[in-house]
Amino acid sequence: MENKFYTIDQVAEVLDIHHKTVRKFIKEGKLKANKVGKQWRISQIDLEVFTENKNSTIENEVPTFDEEVEFSKAKDKLEMNNEIKVSSVVDLKNISKDTYFRVSNTLLAIMNCKDERLQGQTINIKYNENTNRLRIILWANIDMTKEFLDDIAMLVEANEMEGQNDEI
């Protein structure tokens, strides 16, 4: 039997996930991969083992998302241990692709700024174009969680107001 090898982008396409998620699975050891030069390669056998393990652990069907963006700023582990972290999931329905782009681009721009308060904070943005559903997952300290939630609310409200003006 011939063993095929896939790139990270090919695996992402097969699994219908973002390439950064595939890299995360490799880094966490969930998906076995080999480095060939500077590129990762995943064998067909390892991909089949991964998908079988993934399917056997999933009890409920989880919606697949078309787009996924994840951003995190690393921080010294000792400093992170003294900080209270909050995990938040913001689930927005009936969100257009334009709104998704505005929200995700703004949040990623915030994460890319050089504000030291963002060190150790993580944001994961997923959008399903078929259902117009946007899910934002935050892992941040209390103050930054409040700021992110305020920003998200402002962006969504501004977009709703803009949509109402278009209808008039």
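The values are calculated or read from the model by the stated rules, or taken from the named source; none is laboratory data. This structure is a prediction, so every number in the text was calculated from the model and none was measured. Don't worry about glycine lacking a Cβ; one is built from the backbone with ideal geometry, like all the others, and counts go over all protein chains shown.
Among the residues of segment 11-42, count how many are buried (at least 16 other Cβ atoms within 10 Å of the Cβ), under 23 Å from Y127 (Cβ atoms) and touching a residue at least 24 places away in the same chain (Cβ under 8 Å).
Residues in segment 11-42 being buried (at least 16 other Cβ atoms within 10 Å of the Cβ), under 23 Å from Y127 (Cβ atoms) and touching a residue at least 24 places away in the same chain (Cβ under 8 Å): 6 in total.
Which condition does K97 not pass, out of (1) modelled with pLDDT of 80 or more; (2) in contact with a Phe, Trp or Tyr (Cβ under 6 Å, 6 or more places away or on another chain), if it passes all the others?
Tallying (1) modelled with pLDDT of 80 or more; (2) in contact with a Phe, Trp or Tyr (Cβ under 6 Å, 6 or more places away or on another chain), K97 fails exactly one: (2).
Search segment 82-107 for residues being under 16 Å from the mean Cα position of the chain (by Cα) and under 15 Å from E147 (Cβ atoms), and hand back the single one that is surrounded by the most Cβ atoms within 10 Å (Cβ to Cβ).
Ranking the candidates gives V103 first.
Select from segment 110-143 the residues that are among the charged types (D, E, K, R) and in contact with a strand residue (DSSP E or B) (Cβ under 6 Å, 6 or more places away or on another chain) and write down the one among them that is surrounded by the most Cβ atoms within 10 Å (Cβ to Cβ).
In this case the residue turns out to be K126.
When segment 106-132 is examined, which residues are found to be assigned to a helix (DSSP H, G or I) and within 20 Å of M154 (Cβ to Cβ)?
T106, L107, L108, A109, I110, M111, N112, R117, L118
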